[in-house]
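As structure tokens, the structure follows; a few thoughts come after it.
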Amino acid sequence: MAKPHLVTASPVDRAVVHGTTLVVTLRFDRDLDPVRGRMMLLEASGPPQLVMVPPPQDPRVLTASIPVVPGAYTVLWQASDKDDKAADGTLHVVVQP
């Protein structure tokens, strides 16, 4: 069986968003292992930040709410299905006030 496939991401890659909370929602084509989803936030300065990904209500979705200030960010994500097949990817986001 193939690894999980990302069906939709919000925000989309290279999006410009507004506010003080970045909400990242990733939807996949199959159920995920609920304890193996990860996100990491990178910004131009400062160390990478591991993002808390709460247990999903939908087994095909990973969602995280991340407090942010205006700037450019990269979100690295990883998701595994119940057969231990992993997928990963990157989203680039600009946050404006």
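Where a number appears in this text, it was derived from the coordinates with a stated rule and is not lab data. Just so it is clear, the structure is predicted and the values come from calculations on it, not from any experiment. Every residue, glycine as well, gets a Cβ built from its backbone with ideal geometry; the counts of neighbours run over all protein chains shown.
May I ask you to list the residues of the stretch 57-73 whose amide nitrogen lies under 19 Å from a point 7 Å from Cα along the Cα→beta-carbon direction of A2? Only 60-61 pass the distance filter.
Orientation-averaged projection of the stretch 9-78 equals 4.7 nm² [convex hull of Cα atoms, one quarter of hull surface area].
A simple packing score, the average count of other Cβ atoms within 10 Å per residue, orders the peptides 63-69, 37-43 as 37-43, 63-69, with the highest score first. Summing +1 for each Lys or Arg and -1 for each Asp or Glu among the other residues whose beta-carbon sits under 11 angstrom from that of K3 gives -3.
Annotation: amide H-H contacts under 5 Å for K82 (H modelled 1.01 Å from N, sequence separation of 5 or more, or interchain): D33. Remark: the chain carries a charge dipole of roughly 60 debye about the Cα centre, counting +1 on each Lys and Arg Cβ and -1 on each Asp and Glu Cβ.
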